[in-house]
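To start, the structure under review is shown below, and the notes come after it.
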Amino acid sequence: MKAENILSQIDANTKLGDLRKIAKEIKKDHELALELWSTGMFLPRLLATLIMDKKLFSEDVINKLSKDMQAHTFDERNNLMDWFMANQLTKDNEAINLLKSWQNSPFALQRRAFWYYQARLRWTGKILFENTGDLLSDIEANIMQEEPEVQWAMNFTAGWIGIYEEKFRERCIKVGEKTGLYINEKVAKGCTPNYLPEFIRIEVNKRKNK
């Protein structure tokens, strides 16, 4: 399928679900993915993350893609990295090992991906991890110096630690109280706020009531 044909199907009204349907028809096509990526446009690049071939990645290629994402707006670059991580990086053991090495990456989006991945590992509550204490110490020491996108992911990780690991719960709550991050955030009805004391309280109560 030609890139021109794909681009003709994408416009400002295209929904994320539409991209997934297009990707399902294409399956894997790394060459096409790179053509779509080269447009520099958000939706074609999102689609590209679905049809790339993870077997053709190298660390240099992943770093280039990460750098390219930084040119997008705040929300767009975060969405691009989230899709890239979920659809490519977490599907390959070598890429997972690379992802785990990004705690101190020079790219903010890679640091965000590191922390978001740590949160993803924890949000089922099925496994306890030996590095939790070290991660929490890093959050306590560095969250306020981080870029906003990284702050959110660190905060999110602290939230899931606090929900499932009771011995760390008070420390996680205190992170929220001390930083004040998201304390005045307005959220839609039914959504959980990001402010850690509330996030942890609400999600712990949900699990008690099941």
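Quick note: the coordinates plus some simple rules give every number you see, no bench work behind them. Treat the numbers as computed from the prediction; the structure is a model and nothing was measured. Counting neighbours? That spans all protein chains shown, and the Cβs are built from the backbone with ideal geometry, glycine included.
The helix-only estimate of mean residue ellipticity at 222 nm for the chain, built from DSSP H runs of length n ≥ 4 each weighted as -39500 (n - 2.57), is -20000 deg cm²/dmol after division by the residue total. The alpha carbon gyration tensor of the range 23-164 gives principal lengths a ≥ b ≥ c with a/c of 1.5 or higher and a/b greater than b/c, which makes the shape prolate. Can you work out the PRE-style zone for Lys174? Point 7 Å along Cα to Cβ, and I want the residues of the range 181-210 with backbone N under 16 Å. From the range 181-210, the list is 196-197.
When the Cα positions of Val61, Asn5, Gly40 are compared along the charge dipole of the range 1-99, Asn5 comes out farthest toward the positive end, with charges on each C-beta of Lys, Arg, Asp and Glu. Taking the C-alpha atoms only, the angle from helix 148-164 to the longest principal axis of the chain is near 50 degrees.
About the centre of its Cα atoms, the range 101-210 shows a dipole size close to 620 debye [charges on the beta carbon of Lys, Arg (+1) and Asp, Glu (-1) only; nearest 20 debye].
Taking a ≥ b ≥ c as the square roots of the eigenvalues of the alpha-carbon gyration tensor, the range 69-144 is classed oblate because a/c is 1.5 or more while a/b is no larger than b/c. When the charge dipole of the chain is built from unit charges on Cβ atoms (+1 for Lys and Arg, -1 for Asp and Glu) and taken about the Cα centre, the candidate among Phe114, Ala188, Ile26 whose Cα reaches farthest toward its positive end is Ala188. As I understand it, the value is the acute angle between the Cα axis of helix 166-179 and the longest principal axis of the Cα atoms of the chain; what does it come to in degrees, rounded to 10? Between helix and principal axis, roughly 80 degrees. The lysines whose alpha-carbon is closer than 25 Å to the alpha-carbon of Lys126, local same-chain residues fewer than 8 away aside, are Lys91, Lys100, Lys167, Lys174, Lys206, Lys208, Lys210. With a cut-off of 15 Å, note down the residues of the range 1-42 whose backbone N falls inside the zone around a label point 7 Å from the Cα of Lys64 toward its beta carbon. Flagged as within label range: 30-40. Taken about its Cα centre, the chain carries a charge dipole of about 920 debye when Lys and Arg each add +1 at the Cβ and Asp and Glu each add -1 at the Cβ.
Using Cα centres only, tell me the gap between the range 144-210 and the range 26-97 in whole Å. Each part reduced to its Cα centre gives a spacing of 29 Å. Stretching the chain fully between Ile96 and Asn142 yields a gain of 14.2 nm (0.36 nm per residue, less the alpha carbon separation). The angle separating the long axis of helix 74-87 from the principal Cα axis of greatest extent in the chain is about 80 degrees.
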